[in-house]
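*Asks:* This structure is in structure tokens; I'll ask about it shortly.
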């Protein structure tokens with residue numbers, strides 16, 4: 001294999017550029033970034049330069065051959081942060097990614113998605129990813145990780161697949177011990193602690209009252225009326241459900257009542273939706289989504305997080321500028337791969353690509369770790385059993401692969 005310094009990357013769903021930014025820091029060069037969101041491409045070009053292309057990958061397009069193909073197909077069709085819709089056309093982009101990789105035959109690929117990817121459609125999306133790639137000769141790790149275990153100051157659970165064409169890639173080891181979520185604590189112990197929210201936001205000035213703020217996106221209009229009363233009543237870690245009834249939002253009360261009246265057993269309801277939440281200053285944040293600047297309150301101040309604070313938690317540098325409206329900027333930030341996570345994965349890829357040689361003739365599932373928790377939901381158990389049945393003859397069982 002050629003030295004990693006001249007390895008090229010094709011990003012099929014580049015978004016704002018969090019993944020290619022991290023890969024570039026690790027020494028990988030993205031030669032083409034593809035997306036069908038013009039605001040994402042404008043943001044990518046303004047910060048990273050390089051060729052971009054507006055393509056809908058559900059249609060046939062011409063793409064260059066590169067050493068690595070990466071991508072995180074849009075996930076809102078099966079994201080827990082949005083409406084789960086089985087007929088969402090974005091779901092099929094997982095298959096588009098797999099077929100494109102199988103056709104282009106890069107030396108390696110990297111796939112990223114939300115944890116809901118694992119159980120979507122009873123495991124259809126997992127099979128849709130694995131089947132064509134294993135048949136094409138890729139040897140694959142598929143695991144769920146928490147970005148907090150790789151230094152990102154948020155509990156962001158994501159599914160990562162890494163494959164090598166005829167060779168066994170590594171899977172990057174955690175770099176941080178995280179607190180505030182049991183799974184993150186179990187995944188890595190004895191490492192340096194993941195940065196807390198207060199440490200992450202340190203050094204930012206008071207937010208401006210109007211856009212664009214400095215750094216860009218660091219602005220917050222003062223709360224007033226009942227919104228301010230709610231903020232003042234919430235302690236770190238508390239949510240809408242901790243407020244007295246008179247301060248709870250009407251839509252929150254309706255949703256809570258509906259969950260009680262739908263006949264679902266109490267132990268399966270999971271309680272009412274949390275609504276707004278004040279973050280704990282000494283822990284990583286909850287996952288940053290497109291609605292985080294409306295849902296998350298600053299750990300000390302009586303206001304929501306700013307767009308720039310959300311970008312910081314996603315590990316974007318302060319000079320990274322996002323295009324579009326405030327809502328579009330938050331969507332780009334919430335959908336992005338944290339650059340710091342991408343950098344850690346990129347460093348692992350660089351080490352592999354420098355020395356890897358294709359020595360295997362057949363594709364294989366090297367590891368499948370969909371959780372580090374003791375408990376497994378019925379939906380996930382179904383997927384585990386399905387993957388075992390379908391890929392057992394192409395599975396290399398590792399010590400921590402979850403089957404039992």
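*Asks:* If we scan the range 248-255, do we find a residue that is touching a helix residue (DSSP H, G or I) at 6+ places or on another chain (Cβ under 8 Å), at pLDDT below 90, in a helix (DSSP H, G or I) and within 18 Å of residue 223 (Cβ to Cβ)?
*Replies:* The answer is yes; a qualifying residue exists.
*Asks:* Filter the range 219-238 down to the residues that are on the phi < 0 side of the Ramachandran plot and part of a helix (DSSP H, G or I) and list them by number.
*Replies:* If the condition is that a residue be on the phi < 0 side of the Ramachandran plot and part of a helix (DSSP H, G or I), then 226, 227, 228, 229, 230, 231, 232, 233 are the ones that fit.
*Asks:* Here is a list: 48, 12. Which entry is touching a residue at least 40 places away in the same chain (Cβ under 8 Å) and within 23 Å of the chain's Cα centre (by Cα)?
*Replies:* 12
*Asks:* Continuing with the same structure: For the range 352-379, what are the residues that are touching a residue at least 60 places away in the same chain (Cβ under 8 Å), within 23 Å of the chain's Cα centre (by Cα) and outside any helix (DSSP H, G or I)?
*Replies:* If the condition is that a residue be touching a residue at least 60 places away in the same chain (Cβ under 8 Å), within 23 Å of the chain's Cα centre (by Cα) and outside any helix (DSSP H, G or I), then 365, 366, 367, 368, 369, 370, 371, 372, 373, 377 are the ones that fit.
*Asks:* Then there is this: Do you know which residues across the range 151-175 are closer than 16 Å to residue 283 by Cβ and in contact with a strand residue (DSSP E or B) (Cβ under 7 Å, 6 or more places away or on another chain)?
*Replies:* 151, 153, 154, 155, 156, 157
*Asks:* Here's a follow-up. Pick from the range 129-169 the residues that are out of contact with any helix residue (DSSP H, G or I) (no Cβ under 8 Å at 6 or more places or on another chain) and in a strand (DSSP E or B): which of them is surrounded by the most Cβ atoms within 10 Å (Cβ to Cβ)?
*Replies:* 139
*Asks:* Limited to the range 323-332, what total is found for residues that are touching a helix residue (DSSP H, G or I) at 6+ places or on another chain (Cβ under 6 Å) and within 17 Å of residue 220 (Cα to Cα)?
*Replies:* 3
*Asks:* Can you pull out every residue in the range 23-36 that is outside any strand (DSSP E or B) and either under 20 Å from residue 106 (Cβ atoms) or at pLDDT 95 or above (or both)?
*Replies:* The answer is 23, 24, 25, 26, 27, 28.
*Asks:* Here is a further query. Which residues, counting only those in the range 320-351, are outside any helix (DSSP H, G or I) and either without any contact (Cβ under 8 Å) to a residue 12 or more places away in the chain or buried (at least 22 other Cβ atoms within 10 Å of the Cβ) (or both)?
*Replies:* Selection gives 320, 322, 325, 336, 337, 338.
*Asks:* Hey, another quick one. I'm trying to understand the selection: among the residues of the range 381-404, which are touching a helix residue (DSSP H, G or I) at 6+ places or on another chain (Cβ under 8 Å), farther than 11 Å from residue 134 by Cβ, surrounded by 14 or more Cβ atoms within 10 Å (Cβ to Cβ) and at pLDDT below 90?
*Replies:* If the condition is that a residue be touching a helix residue (DSSP H, G or I) at 6+ places or on another chain (Cβ under 8 Å), farther than 11 Å from residue 134 by Cβ, surrounded by 14 or more Cβ atoms within 10 Å (Cβ to Cβ) and at pLDDT below 90, then 402 is the only one that fits.
*Asks:* Could you tell me which of the residues 101, 70, 126 is at pLDDT 95 or above and assigned to a strand (DSSP E or B)?
*Replies:* Every option except 70 fails the conditions.
*Asks:* Separate question: Evaluate the following for residue 57: is it touching a helix residue (DSSP H, G or I) at 6+ places or on another chain (Cβ under 8 Å) and at pLDDT 95 or above?
*Replies:* Taking the combined requirement at face value, the residue does not satisfy it.
*Asks:* Follow-up. Looking only at the range 281-299, filter to residues that are surrounded by fewer than 19 Cβ atoms within 10 Å (Cβ to Cβ) and in contact with a helix residue (DSSP H, G or I) (Cβ under 8 Å, 6 or more places away or on another chain); which one of those is nearest to residue 325 (Cα to Cα)?
*Replies:* 291
The values are calculated or read from the model by the stated rules, or taken from the named source; none is laboratory data. The structure presented is a predicted model; accordingly, all values stated were derived computationally and were not measured. Glycine gets a Cβ as well: all are built from the backbone with ideal geometry, and neighbour counts include every protein chain shown.
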